[in-house]
Structures are given as structure tokens and as C-alpha cells.
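Below: one structure, written as C-alpha cells.
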Amino acid sequence: MKVYILRKILIFGNSGSGKSTLAKRLSDENDLVHLDLDLFAWLPGSPPRRMPLSESSEKIATCLKGRDSWVVEGCYTDLLEILAKDASEMLFMDLSIEKCIANAKNRPWEPHKYESKEAQDANLDMLVSWIKEYDTRLDTFSRAAHRELFAAFQGKKTLYTENQVHD
């Protein structure tokens, strides 16, 4: 008989830090609903614009309503703060810029974000530039904002400086 432990996990860090990979693994292994905050943060269109925080929050709440266990991942401290009061644990993927860039260059196609692997790869230069700014940004996507969120959380928390490899 499989025993289910109720878990509400927030995973955050820089782009390319391994958030999606870890969230997918935890979701599969623990039968957790998996939400990628990228899907709730942006309005459709080009150039991309942030969805109003209240609208993002409402959409996330609708998706998680009635869910006892979930894993949510993203780099949006403003959205993570909304979920932190309900989270049982936080995982901060605090990898070096170099490791995040290497991961980004080797990431598999994300069909929920891009219509093709080619479209994803066409975005790589912009993504690498974004990753490089992690320590100098002063916004909701910055290492500083992530560190503040992690420090303030009172539940179970784990800091990763390497990607975790499991067989």
C-alpha cells in the first residue's frame, strides 16, 4: 500500500537552475500537482508583458483549489510569496551562473512553453543574457529576492548549489 504524505513544495531559483526538472521528478514520484509559474506570469502577445499580480494569483488559486499536495516552481518571488503561507517546504536552487547557463544550453524541449525545439533554441541567447543578470538584478527575479524569501520562510527548507542526480 502506497502512503501519501501531504506536501506543498515551492521550488525557485535562476533560469536554468533545474527547477522544472526537479519539480517534474517530485511530482511523478509523489503524485503531486505540478505548476510552472511561467504559465501564470505572462500575458499572451509579443513583446511579453507581466500579467497583473492579482490575475496571476487568482489563476494559481483556481488551479490549486482543493489540492492537498502540489509542487510549484518558478523565479517570481512576488508569486512565490503569495503561496509561501500555504507551503510546507521550500527548495532554493542556488546554483552558480555558469551552471545555470550550461543547464540552459542542454535543456530539453519545453513544449508547454515553445511550439518547437527550434523556437526554444532561438530564444537561447536572450535566456543566457537573462541568467547572467541574476546577481545584478534588483527585482522579483533576482538572487537577492530569492535569498530574502528563503530566509523568511519558517517551514522545512533546503538550499541546493548543485543539481541533484537520482537513479
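The values are calculated or read from the model by the stated rules, or taken from the named source; none is laboratory data. A quick note: this is a predicted structure, and the numbers were derived from the prediction, not measured. So basically every Cβ, Gly included, is an ideal-geometry build from the backbone, and we count neighbours across all protein chains shown. Remember, those area values only see protein heavy atoms, side chains included, never the ligands or the DNA or RNA. Shrake-Rupley method; radii C 1.70, N 1.55, O 1.52, S 1.80 Å.
Miscellaneous remarks
- Number of residues in the stretch 122-141 that are surrounded by fewer than 11 Cβ atoms within 10 Å (Cβ to Cβ) and of a type in the set (Gly, Ala, Ser): the value is 1.
- Identity of the residue in the stretch 16-55, basic (Lys, Arg) and touching a residue at least 60 places away in the same chain (Cβ under 8 Å), that ends up least open to solvent (accessible area, probe 1.4 Å): Lys19
- For the stretch 150-167, the set of residues classified as open to solvent by less than 70 Å² (accessible area, probe 1.4 Å), of a type outside the set (Val, Ile, Thr) and touching a strand residue (DSSP E or B) at 6+ places or on another chain (Cβ under 7 Å) consists of Phe150, Phe153, Gly155, Tyr160, listed by residue number.
- Residue satisfying condition, being modelled with pLDDT under 95, open to solvent by 20 Å² or more (accessible area, probe 1.4 Å) and over 18 Å from Arg7 (Cα atoms), within set Ala104, Ala144, Ala119: Ala119
- Against the list (1) touching a strand residue (DSSP E or B) at 6+ places or on another chain (Cβ under 7 Å); (2) surrounded by fewer than 18 Cβ atoms within 10 Å (Cβ to Cβ); (3) in a helix (DSSP H, G or I), the condition Ala61 fails is (1).
- As a summary of the residue check, Lys85 satisfies the conditions (1) out of contact with any strand residue (DSSP E or B) (no Cβ under 6 Å at 6 or more places or on another chain); (2) more than 16 Å from Lys157 (Cα to Cα) except for the one numbered (2).
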